[in-house]
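Asker: Take a look at this one; I'll ask things after.
The values are calculated or read from the model by the stated rules, or taken from the named source; none is laboratory data. In this text, all values refer to a predicted model and were calculated from it rather than measured experimentally. Here Cβ is always computed from backbone atoms with ideal geometry, including for glycine, and neighbour counts include all displayed protein chains. The area values use the complete protein model at the heavy-atom level, side chains included, leaving out ligands, DNA and RNA. Shrake-Rupley method; radii C 1.70, N 1.55, O 1.52, S 1.80 Å.
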Amino acid sequence: MGTLKRGLLAGLKTTWTLSKVIFPITLLVVILQYTPVLPWIIDFISPFMGLLGLRGEAAIPLVLGNALNLYAGIAGILSLDLTVKEVFILAAMLSFSHNIFIETGVALRVGVKLWVVLVVRFGLAILSAVIINLVWQGGGEIAKYGAVVATEKIPDGWGEIILLGLQKAAFGVLQLALIVIPLMIIIQVLKDRNYLQKFSEKIAPFTKVIGIQPNASLTLVAGLTIGLAYGAGVMIQAVQEDGVSKKDATLVFIFLVACHAIVEDTLIFLPLGVPILPLFFVRLVTAFILTIIVAYVWRKSEQRKHEEVVTL
């Protein structure tokens, strides 16, 4: 009974912590959709689309996907006549950079610095677009979409807009609670029965490759399977209770930025007709390479500082 109680309390505490980020940001972004702000942002970035191998109107799914979520970005893509190559570029960009406000807020809660979040997410999105545009010479045919996303009824007046924002924000928190609370109870059971220790030992070689300690393994697996926002609940608890260092939390976050919810977030793009296996491997390989490089540079920097202190 003590295990269930501790797990429930941990789940409620984490849900409360994350809901303070998710609720107000969701409400704000939904309201902004029906103001001149999002159209202004789209008009502002349209001239830069050519550098990424995209036409100007491709700014619409990019802005929607980053401001809201992948589903909004995909709805934006489905509203446009784009080539297969353009759709693949957008899919790659949105895989690295989506739901930016909520997921950045969650990362800050964990202790990851804002500049790290923005540089990694936007940097990977832009770099992937430039590389795909330069390397892939095909994909010039118009994309044929395998499914149609239903459009929402446009709210009439500020009252309906605010009500819609409140509904979506509340649903977001409810969805979070339904995932995080059972997850925390399961984790507490695994902890109390010493399964987590055994699990950490099993995947220690994997965590060693990317330069993090085994006690951060649970955070890594949670983010890989259920996503960055929901996996952050596990990450927050790990930082507070399991002695996961800020360095390891940052390295795990960098890995997960490229590769979180790897199965779900890749399969989401199936209706667009893009080749999802290359998309899957692009994210996975990028996550490994980037995290290994950052861990190596970080380790060398720490060694240099230590040597300087010893010399003094």
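Asker: Can you tell me which lysines have their Cα less than 18 Å from the Cα of residue 5? Leave out same-chain residues fewer than eight positions away.
Answerer: Within the straight-line cut-off, residue 5 pairs with 13, 191.
Asker: With N denoting the number of residues in segment 186-308, provide Rg(C-alpha) divided by 2.2 N^0.38 Å, to two decimal places.
Answerer: 1.15
Asker: Rounded to the nearest angstrom and ordered from largest down, what semi-axes does the equivalent ellipsoid of segment 78-187 get from its C-alpha gyration tensor (root of 5λ)?
Answerer: Result for segment 78-187: semi-axes of 31, 24, 15 Å.
Asker: Sorting check: for 71-78, 19-26, which peptide has the highest mean count of neighbouring beta carbons within 10 Å, and how do the rest follow?
Answerer: Final packing ranking: 71-78, 19-26.
Asker: Tell me, what does the Kirkwood hydrodynamic radius of segment 35-90 come to in angstroms if you use every pair of distinct C-alpha atoms?
Answerer: About 11.1 Å, per the Kirkwood formula over Cα pairs.
Asker: Compare the peptides 266-275, 82-91 by average per-residue count of other Cβ atoms within 10 angstrom and give them in order, highest first.
Answerer: In decreasing order of mean packing, 266-275, 82-91 become 82-91, 266-275.
Asker: While we're here: Can you spot the lysines whose alpha carbon is less than 30 Å from residue 305's alpha carbon? Ignore those fewer than 8 places along the same chain.
Answerer: Excluding near neighbours in sequence, the set is 113, 208, 246, 247.
Asker: Starting at the first residue of segment 98-106, write each ³J(HN,Hα) from the Karplus equation 6.51 cos²θ - 1.76 cosθ + 1.60 with θ = phi - 60°, in whole Hz, x for Gly and Pro.
Answerer: My calculation for segment 98-106 gives 8, 6, 5, 5, 5, 5, 6, x, 5 Hz in order.
Asker: Also: Given charges of +1 on the Cβ of Lys and Arg and -1 on the Cβ of Asp and Glu, with all other atoms neutral, how large is the dipole of the chain about its Cα centre, in debye to the nearest 20?
Answerer: So the magnitude is around 1000 debye.
Asker: Please list the non-local residues whose amide H lies under 5 Å from the amide H of residue 83, H modeled 1.01 Å from N, same-chain partners needing a gap of 5 or more.
Answerer: Placed amide hydrogens put 143 under 5 Å from residue 83.
Asker: Have a look at 238, 286, 255 and report the one farthest towards the positive end of the charge dipole of segment 210-312, computed about the Cα centre with Cβ charges (Lys/Arg +1, Asp/Glu -1).
Answerer: The residue sitting most towards the positive pole is 286.
Asker: I've got another one for you. List the lysines whose Cα lies under 17 Å from the Cα of residue 20, skipping any in the same chain that are fewer than 8 positions away.
Answerer: Residue 20 reaches 168.
Asker: Given a 1.4 Å probe and every protein chain left where it sits, what share in percent of the accessible area of the chain is carbon and sulfur?
Answerer: Ligands and nucleic acids excluded, carbon and sulfur give 70 percent.
Asker: Kindly report the accessible area of segment 182-225 per residue (heavy atoms of protein chains, probe 1.4 Å, no ligands, DNA or RNA), in Å².
Answerer: 54
Asker: Need one number: convex hull volume per residue for the chain, Cα atoms only, in Å³.
Answerer: Given the Cα convex hull of the chain, per-residue volume reads 161 Å³.
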